[in-house]
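J.: Submitted below is the structure of interest, expressed as structure tokens.
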Amino acid sequence: MKKQKDPHPPRWAQRLLAWYCKPELLEDLEGDLNEYFRRNLKNKSIARARIIYVIDVLKFFRLYTIRKPEFINLLIHFIMLVSYIKTSGRNIVRNKLFSSINIVGLSISMSVGLIMISMLWDLFSYDRFHENHDRIYRIISKYQFLDHKDNSFMATTSLKAAKAIKEEFSGIEDVAIFGWAFNGDVSYNDKTIPLSGFWANEAVFKVFSFELLQGNPATALKQPFAIVLTEKSAKKMFGDVDALGKTINLKDKQYTITGIVKDVPTFSHIKFDMLTSLSTREVLEKNNKHEMAWNNIWSTWAYVLMPPRADLNTFQQELNKLSEREDKTIKHTHIQLALQPLTNIMAGENLNNQIGTTIGSTVVWILGSLSFIVILSACFNYTNLSIARSLRRSREVGIRKSIGALKSHVVSQFIVESVFISLLALLVAFGLFLVIRPHFISLESSLQMLKLQLTPALVLLFILFAIMVGVLAGLFPALFFSRINAVQVLKNLGSVPVLKGLTLRKVLIVFQYSLSIIAITATLIIYKQYKHFISFDLGFSTANILNISLKDNKAELLIKELSELPEVKGISQSLLVTSVGNYWGVHMKNPNNPTDSAGVYYNSVDENYLPLHNHELIAGNNFTANTQDSIETEVIVNQHVLKRFNIAEQNPAKAIGEVVKVDGKDLRIIGVIKNFEYGKVNNNSGKEVIIRYLKEKPRHLNVKILSADWPATYAELEAIWKKIDPVHPFEAKFYDDQIEEAFNGLKAAMKLGGFLAVLVICIASVGLLGMVIFTTETRLKEISIRKVMGASERGLLYLLSKSFLTLLLIAASIALPLIYFFFQQVLFPEIANHAPLNLSELFVGVIAVLLLALVIIGTQTFKVARTNPAEILKSE
Amino acid sequence: MKGSNLGEFEELVLLTVAALVNDAYSVGICDELTKYTGREVKLGVVHAVLNRLEDKGLVKSSLGEATNVRGGKRKRYYTVTNAGKASLLKAKEVRDQLWSLIPDFGFKAI
């Protein structure tokens, strides 16, 4: 007994020693270390003695002490591999139910993993095509005015800083500078196409590997009014004619084409149709003092090419010195500069003012951790199911062991089996991947820059991933089976320690089911809100109205042409399309209290707009037809405006004729309209709205169309558009579709939630099934005896299902309050006009999940409850 | 294998094994060496050297009885083989011969 109390060396270190040490040396070494440990105990603390023990164990890890891998053993492993695969195959076929559950569970979660892997693969292949990609750094800046410091860096910097670095800094190779933005309609002779691009200096072709097909990379962007087109835009413009040296017209300026660059690869974070020499700006913006200001950090991107093995710290110090010097030129301002590696831009920190769309690390982390949870959950199910089946398999292991299989052989057998299953699952997952891929890419606009295209390397990565999942899933069962004692198992099956860890499994089931209920209920709620928002009564009519984006064209011409079509029932003009999240604000003074003023939102329309959209006039009149260049004198307001400024005691009829000051102009109220949703339905802002008469160019035509054959009508409309504007594409959308689009974010959340819900429910069901089968099988004998003693089938069914029902109820009682609290207390107060939360939505999801679970439990327990007790008791 | 030539530390360990006669096991050798050389001798080093000496055939080992101090593990006792004796003698001989070449060295040093 006394020995028990003695402090002992750390067990794990002892195990480590036993693991690596040659068996013939082990006893000797262990003895020596124990002796030393005892000796250290006398004059040192226990902790110290233990540390010394561990260090000694590690020190003994030498060439002569480590166990050599036995060749014969390896050979056996290799020979047995075929046998393992064969037995795995047989096991899969023998247990079709189990295997298909496993394969389905794994493949669903693996498909998410595949999406993740290909996404990461795409993200990390961004910008790698540049030869010097590991030496290019972007200059990023952080703005501070007095104490107002921005939280994060911006991707842009000032032109001043960019030029200073290029001209003054030593120890750099070059600086490529891009300026925002050089867009517009480019024309040659009578052909015009819209192109977009950047201002860029001549170093762009040196720093980056954009290949110049024609022209001299060193000088192409040197002279003012030089322009470089991509191959594609040159082809669009000139067809097969050589474009080099031609002069094109853009915004009334002449530019000479000095180069043709190969089209920008998809995996470039900088995308353009054309580049124009930065020196042009020096000519155009000669009198703009702001151009070279130190704090004009919003529209220039600078990329530094460093020499190989450059010292970034010294460079950073030089940057700091530059800031210190230039901060003095602008009062109260500090601009901090830093470097960001090129390859870090696509998947790195989410900076503002990016040159193009980036995905950023947040999205990667969220999606990554979601898929990790899903995969882990599926692996755990595999483990759970395998161990649940251990009653059947342990006899096999017992026989294997008694005819000479080592622990390691059993381990590798089970791992081979799980890898086999996960490779089968990979096939299914791959199919799922192909199905999910387009949906995933269309989920969110920023994801559209991914291709998720298959390459041999990616396929190889998939296979590696499947093997990894297989090993992960099979490791625990393999270790479990390898520990089985052959003698005990063959003598008495009941001795298999399957009952361990039962609580953990119960907790897991509760967790999985809570997650399932949360996912499905949240999806249902979001679905209801989405439907609610897109069919919301906005206070005006949107039916059959087609909004055509005018793109700087003259409205009169188009109106004249369009009104000749019989399908067109009415046309109005407007500044913006309301209720889809557009806001134009203006200042309005309170006529009762000159010191009070507030921002109101507005839309400028013509006289046809209000009747066309069925806006309800409560008092007063609509605008009368008016010329656009006459002075603005009239305004129509909504009820909220009357309320906000307390005009005429909020009496609409009396408010007519009151004069309000808007944007410095005195405007007479000629009408009051009913309140309507100006911004987005789910948004609280945009209550006070005034309608002004259109004095500027309208941006949209609102065309009411009644057509029996919509595609034909659309073609007619497009033909008319092409006649008037051959350059820009025809952009027309039905108002209802635009409103639906405005809620695309919600739709994406719904899709993602739905997908996740299906996923979690599948995985949870698989887990539950495994658990049910496991418990019923272990209780076969008990049930048989109960039956013999006269238990009814119904009673048995209840007995077997009771514990699971309790688990499910616990899961529901955790999930429902969470969901309710989240939506009712956290989310809904932020959202205007939301649909109320009904108990029905809350319970539909729960009931669906519970029913599914009941079917799973019922079928299994029913099978067991109906077995003939004599059969089971006979075989014991 | 470097042949039967002994390194300095190998020679010391071998001598200690010989000196301890029937009580030469790793920890004992370690203690003895520490006592006589005055330098701290690490167990790991002694182990490695004993292992090498056994490989060279200069010592042989056998397991003794288990003791409580060693947590129930048996000691491995080492004894010097004939080859070991021969190489010790040879080393001593070489040294003696060299010593004899130096006249009055001992007196000068003092």
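The values are calculated or read from the model by the stated rules, or taken from the named source; none is laboratory data. In this text, all values refer to a predicted model and were calculated from it rather than measured experimentally. Note: ideal-geometry Cβ built from the backbone for every residue, glycine included; neighbour counts use all protein chains shown. What goes into the accessible areas is simple: the full protein's heavy atoms, side chains included, and nothing from ligands, DNA or RNA. Shrake-Rupley method; radii C 1.70, N 1.55, O 1.52, S 1.80 Å.
J.: Which residues, counting only those in the stretch A:28-62, are open to solvent by 60 Å² or more (accessible area, probe 1.4 Å) and within 17 Å of residue A:16 (Cβ to Cβ)?
T.: Residues satisfying the conditions are A:50, A:51, A:55, A:58, A:59, A:61, A:62.
J.: Sticking with this one: Touching a residue at least 24 places away in the same chain (Cβ under 8 Å) and over 24 Å from residue A:831 (Cα atoms), is that true of residue A:705?
T.: yes
J.: Output yes when any residue across the stretch B:62-75 is over 30 Å from residue A:8 (Cβ atoms) and touching a residue at least 12 places away in the same chain (Cβ under 8 Å), and no when none is.
T.: Checked against the condition, which is being over 30 Å from residue A:8 (Cβ atoms) and touching a residue at least 12 places away in the same chain (Cβ under 8 Å), the stretch B:62-75 yields no hits at all.
J.: Of the residues in the stretch A:822-847, how many are among the small types (Gly, Ala, Ser) and open to solvent by 50 Å² or more (accessible area, probe 1.4 Å)?
T.: 1
J.: Next up: For residue A:867, state whether it is within 28 Å of residue A:766 (Cα to Cα), β-branched (Val, Ile, Thr), open to solvent by less than 60 Å² (accessible area, probe 1.4 Å) and in a helix (DSSP H, G or I).
T.: So residue A:867 fails the test.
J.: Here's something else I'd like to know. Can you pull out the residues in the stretch A:237-254 that are free of Cβ contacts under 8 Å to residues at least 60 places away in the same chain and either open to solvent by less than 60 Å² (accessible area, probe 1.4 Å) or within 19 Å of residue A:211 (Cα to Cα) (or both)?
T.: A:237, A:238, A:239, A:242, A:243, A:244, A:245, A:246
J.: Based on this model, can you work out whether residue B:96 counts as more than 30 Å from residue A:41 (Cβ to Cβ) and within 14 Å of another protein chain (Cβ to nearest Cβ)?
T.: Against the criterion (more than 30 Å from residue A:41 (Cβ to Cβ) and within 14 Å of another protein chain (Cβ to nearest Cβ)), residue B:96 does not qualify.
Here is a yes/no grid of residues against (1) at pLDDT below 90; (2) among the hydroxyl-bearing types (Ser, Thr, Tyr):
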| site | (1), (2) |
| --- | --- |
| A:526 | yes, no |
| A:547 | no, no |
| A:551 | yes, no |
| A:557 | yes, no |
| A:578 | yes, yes |
| A:583 | yes, yes |
| A:588 | yes, no |
| A:612 | no, no |
| A:633 | yes, yes |
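J.: Go through the stretch A:23-55 residue by residue and tally those that are of a type in the set (A, V, I, L, M), within 11 Å of chain B (Cβ to nearest Cβ) and within 15 Å of residue A:13 (Cβ to Cβ).
T.: Result for the stretch A:23-55: 5.
J.: Go through the stretch A:548-595 and report how many residues are touching a strand residue (DSSP E or B) at 6+ places or on another chain (Cβ under 7 Å) and either open to solvent by less than 20 Å² (accessible area, probe 1.4 Å) or in contact (Cβ under 8 Å) with a residue 40 or more places away in the chain (or both).
T.: Total meeting the criteria: 26.
J.: Any idea how many residues of the stretch A:323-333 are open to solvent by less than 60 Å² (accessible area, probe 1.4 Å) and out of contact with any Leu (no Cβ under 7 Å at 6 or more places or on another chain)?
T.: Residues meeting the conditions: 4.
J.: Taking the stretch B:1-46 as the search range and keeping residues that are of a type outside the set (A, V, I, L, M, F, W, C) and in contact with a Ser or Thr (Cβ under 6 Å, 6 or more places away or on another chain), which one is modelled with the lowest pLDDT?
T.: Once the filter is applied, the top-ranked residue is B:4.
J.: Between a first residue in the stretch A:709-731 that is in a loop (DSSP other than H, G, I, E, B) and a second residue that is surrounded by 15 or more Cβ atoms within 10 Å (Cβ to Cβ), which pairs have beta carbons less than 6 Å apart while being 6 or more apart in sequence or on different chains?
T.: A:725/A:553; A:727/A:185; A:727/A:192; A:728/A:551; A:730/A:721; A:731/A:549
J.: Considering only residues of the stretch B:64-84 that are more than 11 Å from chain A (Cβ to nearest Cβ) and under 18 Å from residue B:30 (Cα atoms), which is least open to solvent (accessible area, probe 1.4 Å)?
T.: B:80
J.: Across the stretch A:855-864, which residue is most open to solvent (accessible area, probe 1.4 Å) among those that are within 22 Å of residue A:786 (Cβ to Cβ) and at pLDDT 85 or above?
T.: Once the filter is applied, the top-ranked residue is A:859.
J.: Filtering the stretch A:273-318 down to residues that are open to solvent by less than 20 Å² (accessible area, probe 1.4 Å) and among the β-branched types (Val, Ile, Thr), which residue is nearest to residue A:227 (Cα to Cα)?
T.: Among those that are open to solvent by less than 20 Å² (accessible area, probe 1.4 Å) and among the β-branched types (Val, Ile, Thr), it is A:276.
J.: Are any residues in the stretch B:20-47 open to solvent by less than 20 Å² (accessible area, probe 1.4 Å), within 14 Å of chain A (Cβ to nearest Cβ) and part of a helix (DSSP H, G or I), and if so, which ones?
T.: Once the filter is applied, which keeps residues that are open to solvent by less than 20 Å² (accessible area, probe 1.4 Å), within 14 Å of chain A (Cβ to nearest Cβ) and part of a helix (DSSP H, G or I), the stretch B:20-47 yields B:26, B:27, B:28, B:29, B:30, B:43, B:44, B:46, B:47.
J.: Has the stretch A:465-472 got at least one residue that is at positive phi, open to solvent by less than 20 Å² (accessible area, probe 1.4 Å) and aliphatic (A, V, I, L, M)?
T.: No; the residues of the stretch A:465-472 include none that is at positive phi, open to solvent by less than 20 Å² (accessible area, probe 1.4 Å) and aliphatic (A, V, I, L, M).
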